[in-house]
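First comes the structure, then the notes that go with it.
The values are calculated or read from the model by the stated rules, or taken from the named source; none is laboratory data. Model, not experiment: these values are computed from the prediction. Cβ: placed from backbone, ideal geometry, glycine included. Neighbour counts: every protein chain shown. Note: accessible area is taken over every heavy atom of the protein model, side chains too, but ligands, DNA and RNA are not part of it. Shrake-Rupley method; radii C 1.70, N 1.55, O 1.52, S 1.80 Å.
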Amino acid sequence: MSSAGVWVTFEGGDGSGKSTQAALLGSWLEAQGRTVLRTREPGGSEVGVLIRDIVLHHRGDIAPRAEALLYAADRAHHVATVVRPALQRGDVVVQDRYLDSSVAYQGAGRVLDAGEVRELSLWATEGALPDLTVLLDIDPSLARKRLDADDKPFDRLEAEKEEFHTRVRDAFLALAAAEPQRFLVVDATADPEDIAVVVRARLARLL
Ligand code: TYD
């Protein structure tokens, strides 16, 4: 998105280590003297927290198109009230998940049309796209072992079968291949510090 700031998003399956990498990048940027906004989807705004509770914790099914619209509504409000103002101030926005998650989870996972899901989010955000998207790629069965070790209850999406998560992974890789200038794909099983170094090197070109 063209403005004074820089916008980085982290994508990947559940248990791929996005939050760890976002935190490492945020601290590094602050040490460089940059003002950093750490945020996430779903749930990066007050309205978003309410929507997050529905999409992740509602007991029972949500129709796939309703689920896609809920994520898009969260995104619309988040970009308009949190992300865009921060970028206009010149901040670096470091964000867990964005529209690529919708294309992968609601598109490939829930089997909606990927192009339509993407268009829905682009409409919701007036076409906002990050400067850099880091995809933490991991085999879903390995990611599942990490989540099991965490000992937290699974949310609605995490509880999906392995085959769902394999489709999501393949969709993320296809998105990255289609937009190599926006994406950096890293092996999420590598040492977290080594991953952080690769991410910084790529970001340094944008700062
Ligand atoms: P997140 O909070 O990133 O959970 P985790 O840290 O476990 O990865 O995301 C919550 C869930 O929401 C995750 O399972 C992916 C899903 N999701 C979608 O299905 N579509 C979307 O557009 C987004 C942003 C997330």
When residues of the stretch 59-112 are limited to those that are within 12 Å of the ligand (Cβ to nearest atom), assigned to a loop (DSSP other than H, G, I, E, B) and under 20 Å from Val8 (Cβ atoms), the one farthest from the chain's Cα centre (by Cα):
Tyr98
Taking the stated definitions as given, is Glu160 surrounded by fewer than 21 Cβ atoms within 10 Å (Cβ to Cβ), over 21 Å from Gly26 (Cβ atoms) and within 11 Å of the ligand (Cβ to nearest atom)?
yes
If we keep only residues of the stretch 38-47 that are more than 10 Å from the ligand (Cβ to nearest atom) and touching a residue at least 12 places away in the same chain (Cβ under 8 Å), then the residue most open to solvent (accessible area, probe 1.4 Å) is Arg38
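Filter the stretch 19-43 down to the residues that are of a type in the set (S, T, N, Q) and assigned to a loop (DSSP other than H, G, I, E, B) and list them by number.
Once the filter is applied, which keeps residues that are of a type in the set (S, T, N, Q) and assigned to a loop (DSSP other than H, G, I, E, B), the stretch 19-43 yields Gln32, Thr35.
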So Gly12 fits all but one of (1) of a type in the set (Gly, Ala, Ser); (2) buried (at least 23 other Cβ atoms within 10 Å of the Cβ); (3) in contact with a Pro (Cβ under 7 Å, 6 or more places away or on another chain); what number is the exception?
(3)
Examine the stretch 123-131 for a residue that is surrounded by fewer than 22 Cβ atoms within 10 Å (Cβ to Cβ) and in a helix (DSSP H, G or I), and state whether such a residue exists.
yes
Residue check, Arg118 against (1) in contact with a helix residue (DSSP H, G or I) (Cβ under 8 Å, 6 or more places away or on another chain); (2) open to solvent by less than 80 Å² (accessible area, probe 1.4 Å); (3) touching a residue at least 24 places away in the same chain (Cβ under 8 Å); (4) among the charged types (D, E, K, R), all met but one. Which one?
(3)
Residue count, the stretch 139-157, condition open to solvent by less than 60 Å² (accessible area, probe 1.4 Å) and not in a loop (DSSP other than H, G, I, E, B), comes to 4
Here is a check on your reading of the model: is Ser19 loosely packed, with under 15 Cβ neighbours inside 10 Å and within 11 Å of the ligand (Cβ to nearest atom)?
yes
